[in-house]
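Worksheet for the structure shown next.
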Amino acid sequence: MKALLAIAALLASAAPAAAVTVDFDSASGPVGATYAALGVTFANATTISFGLAGQTAPNSIVSICCSSVFGATDAITATFSADVVSVSITALDVGSAGARIEAYDAVSALIDFDEAFGTGLGVGNSSPCR
């Protein structure tokens, strides 16, 4: 009987976690640890609430450095408190410079990335990165 309970406990602890969606609607200003209870903290991210094509009201996030064009040195960073299987984000107004999402492991080794490119300045373009 003990062996069966131990196996059941092991299987129960290996069950996948439920999906979590962060929509940034409960944040105002710098995001930081606003969603730490959901298992993710952000660096270099602040909320905006002006309407862009593809934006879900009322908020989206942008790099703290600027609200339009920014590069890799101004990247928004999300750090997860536990292992994750999948992450996605919709990039708005993606121009010819593109948008990129990168995933790193606990020792900062790049394990995957996705990128999307639009045209021109990208006004009105939106692209999912997963």
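Mind listing whichever residues of the stretch 48-94 are in contact with a strand residue (DSSP E or B) (Cβ under 9 Å, 6 or more places away or on another chain), modelled with pLDDT of 80 or more and either in a loop (DSSP other than H, G, I, E, B) or of a type in the set (Phe, Trp, Tyr) (or both)? If the condition is that a residue be in contact with a strand residue (DSSP E or B) (Cβ under 9 Å, 6 or more places away or on another chain), modelled with pLDDT of 80 or more and either in a loop (DSSP other than H, G, I, E, B) or of a type in the set (Phe, Trp, Tyr) (or both), then ILE64, ALA75, ILE76, PHE80, SER81, VAL84, VAL87, SER88 are the ones that fit. The selection criterion, being farther than 20 Å from VAL31 by Cα and surrounded by 13 or more Cβ atoms within 10 Å (Cβ to Cβ), holds for ASP114. From the set of residues in the stretch 80-99 that are closer than 18 Å to SER60 by Cα and β-branched (Val, Ile, Thr), which is surrounded by the most Cβ atoms within 10 Å (Cβ to Cβ)? Filtering first and then ranking leaves VAL94.
The values are calculated or read from the model by the stated rules, or taken from the named source; none is laboratory data. From a predicted model like this one, the values you see are computed outputs, not experimental measurements. Cβ: placed from backbone, ideal geometry, glycine included. Neighbour counts: every protein chain shown.
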